[in-house]
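Structure first, then comments.
The values are calculated or read from the model by the stated rules, or taken from the named source; none is laboratory data. Worth saying up front: this structure is predicted, and the values here are computed from it rather than measured. Neighbour counts are summed over all protein chains in view; Cβ atoms, including those assigned to glycine, are modelled from backbone coordinates with ideal geometry. Heavy atoms of the whole protein, side chains included, go into the accessibility calculation; ligands, DNA and RNA do not. Shrake-Rupley method; radii C 1.70, N 1.55, O 1.52, S 1.80 Å.
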Amino acid sequence: MILLGSYCLYVALAATALAGALAILASWKGRADILDAARNAVLVATGFTTLAVAGMVYAFVLGDYQLEYVWANSDRDMPLFYKLGALWGGQAGSILFWGWLASLYAVGVVIRHRNDETRQMAPTYATLMFVQGFFLTLVCFIASPFERANVIPPDGRGLNPLLQHPIMTIHPPTLYLGFVGMSIPFAFAIGALVSGKLGDAWIKRTRFWSILAWLFLAAGNILGARWAYVELGWGGYWAWDPVENAAFMPWLASTAFLHSAMIQERRGMFKVWNMLLVITAFLLTITGTFITRSGLISSVHTFAQSAIGPWFSGFLGFLIVASIGLLFWRRSAMESENTLDSLLSREAGFLLNNLILLGGAFTVLLGTFFPILSEAFRGVKVSLGPPYFNSIMTPIGIALLLLIGVGPLIGWKRMGWGALRRLLRVPLVLALAAAAILLIAGVRHAYARVTLAICAFVVSTIVAEFARGVRARRSSSGESIPTAIGKLVWRAPRRYGGYIIHLGVVLVFVGFAGAAFTSEYESTLTPGQAFRAGGYELTFHGLRERTAPGVETVLADVKISRGGKDLAILLPHRSWYEKSEQLSTEVAIYSTPMHDLYLILAGLDGENTASFKVYLNPLVSWFWWGGIVICLGGVLVLLPPRQRRMAG
């Protein structure tokens, strides 16, 4: 298995280098036959990379502990589900997985764009092969997952207990699909810069890939937040951890690009902006990968410091210099076909949207790297925690939320203030009414009250957009309201899918607002004792023990009741993993649409005494539902317009 996996990776790297060289030659000569040869080499590289990955998976399933990576990340008692997830549970395996996904994406480009122009596609393939080749080089020579162990042990050390959760078998590959997916629009952008074909063609080619990568990034961020919420046991879902930030930054930049690309398609504007945004989005994915693998920044998610860090920093530095150099070289060929006619126009709204999103990404980037910067300039490593991020990102988020509501109401090119005032009249009245109701209800937190009022404003504008379309369809065809809504979305998925995404963002912000009212309770109990948390009564009935191979678990039996009515039995617990010698705490959650009761077994004192911590988290379920709605809207936006579906 060691020889097979290693040789497959060497062949894959050679085929990747050959594909890149042929693509460069095809770009220089302008010959389609050479580009076809490059495509064939891409397929060969993908085939051998897939064989290497299959070999690694087989080694995990078989329990082949002569491979040091298999020994370090699995054991015989682990369920098959987690053995499969162990592929990306460590440093070397995750890089192999990155390279494999890059090869699969490259095959997708080969299939989808097999008939596209040689001059544009050749440098695009060369860029993809350069990125793929970097990761294959790492697993061939720097961090091989097929490294032989010095001594073959009878059993493995086991996967990190924090990673032994169903979400962590889904979250990393979802996020990687987003990270790797951003290399496709980046490659098309570089292809356009090298070939000089800087019109709208490259934007249109990247649309599918950009939305797909954005969708995976969105889903990955939501899944990561969910994992943190149910697994880390601190009561929240977002702590501005460096690795959380690493996933969030490219999502912000790609969101800006997707909005800005519409302006270039429709008005021939923002050409330099779009190049800069797509390059930034991809560079931030490499930055995020560097954060998790360099070991320079501490996080519960990051790997230990290794030899990979300098390689990533060099790779990132080269990408920055090469990309900016190409952009500077072609800057004169990217003049806008139109100018900004008015500050009160949709184009100006998108420009403001871009500035806010990039400002947010820069804020997060600065806060993430501040410990390194402070140590370099002051000799003291100082971290910036949630207060820094919240103080800046909260107003940025509120500004974006407001723009989501106002933007669709503003017309293209130019709009009169009177027309805008008429469109804003009803949404503003609803927002002010919501603010007044919240004030009467006792909501005193200013940011929360403003956020919820703006949420009402945005929902009203989204409903108005759907209502206008429904009225038009019903007046012409007499359809029922549900039928009219369905056909609106089906015939214009890009437009109405975007509105659904905006609705999901509103739900997420409702969840954010609820975090302002979180309350915390603590108590130490013996069996039969109870304590109150908010309007709930929690009665401790005692401890249970549960034993599984390699894992010893202590569970606390806690009954939840309210107003004399029993609601649920919660079982928060703590598990000791013998092989890895690690303790894991698992929370128990009682969820309602208005709040979560979040119960932690904080400690054990003797045989029958347990300490508990309880968080009451208002509106947190709205955050999860918002994430689902965002992803559903993203799937709709991926659909081609009805005309192309019918033609296909």
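Of the residues making up the stretch 322-351, those that are assigned to a helix (DSSP H, G or I), over 15 Å from Trp412 (Cβ atoms) and open to solvent by 50 Å² or more (accessible area, probe 1.4 Å) are Ile324, Phe328, Trp329, Arg331, Ser332, Ala333.
Among the residues of the stretch 592-614, at least one is within 19 Å of Tyr237 (Cβ to Cβ), of a type in the set (A, V, I, L, M) and touching a helix residue (DSSP H, G or I) at 6+ places or on another chain (Cβ under 9 Å).
Taking the stretch 460-555 and the strands (runs of 3 or more DSSP E) fully enclosed by it, the elements with 1 or more residues that are within 30 Å of Leu432 (Cβ to Cβ) are at 519-525. Restricting attention to the stretch 11-42, the residues that are within 16 Å of Val131 (Cα to Cα) and open to solvent by 70 Å² or more (accessible area, probe 1.4 Å) add up to 2. The set of residues in the stretch 218-263 that are under 11 Å from the mean Cα position of the chain (by Cα), farther than 19 Å from Thr394 by Cα and open to solvent by 30 Å² or more (accessible area, probe 1.4 Å) contains only Leu223. Could you look through the stretch 590-623, keep only residues that are open to solvent by 30 Å² or more (accessible area, probe 1.4 Å) and among the hydrophobic types (A, V, I, L, M, F, W, C), and pick out the one that is nearest to the chain's Cα centre (by Cα)? Among those residues, the one meeting the criterion is Trp622. As for the stretch 184-198, it holds at least one residue that is open to solvent by 10 Å² or more (accessible area, probe 1.4 Å), among the hydroxyl-bearing types (Ser, Thr, Tyr), more than 16 Å from Trp251 (Cα to Cα) and touching a residue at least 12 places away in the same chain (Cβ under 8 Å).
Residues in the stretch 538-556 that are surrounded by fewer than 17 Cβ atoms within 10 Å (Cβ to Cβ) and either in contact with a helix residue (DSSP H, G or I) (Cβ under 8 Å, 6 or more places away or on another chain) or closer than 12 Å to Leu525 by Cβ (or both): His541, Gly542. Only residues that are under 14 Å from Gly550 (Cβ atoms) and either without any contact (Cβ under 8 Å) to a residue 40 or more places away in the chain or not charged (D, E, K, R) (or both): list them for the stretch 154-169, please. Across the stretch 154-169, the qualifying residues are Pro154, Gly156, Gly158, Leu159, Asn160, Pro161, Gln164. Exactly one residue out of Arg207, Arg226 is more than 21 Å from Gly367 (Cα to Cα), of a type outside the set (Phe, Trp, Tyr) and touching a residue at least 60 places away in the same chain (Cβ under 8 Å): that is Arg226.
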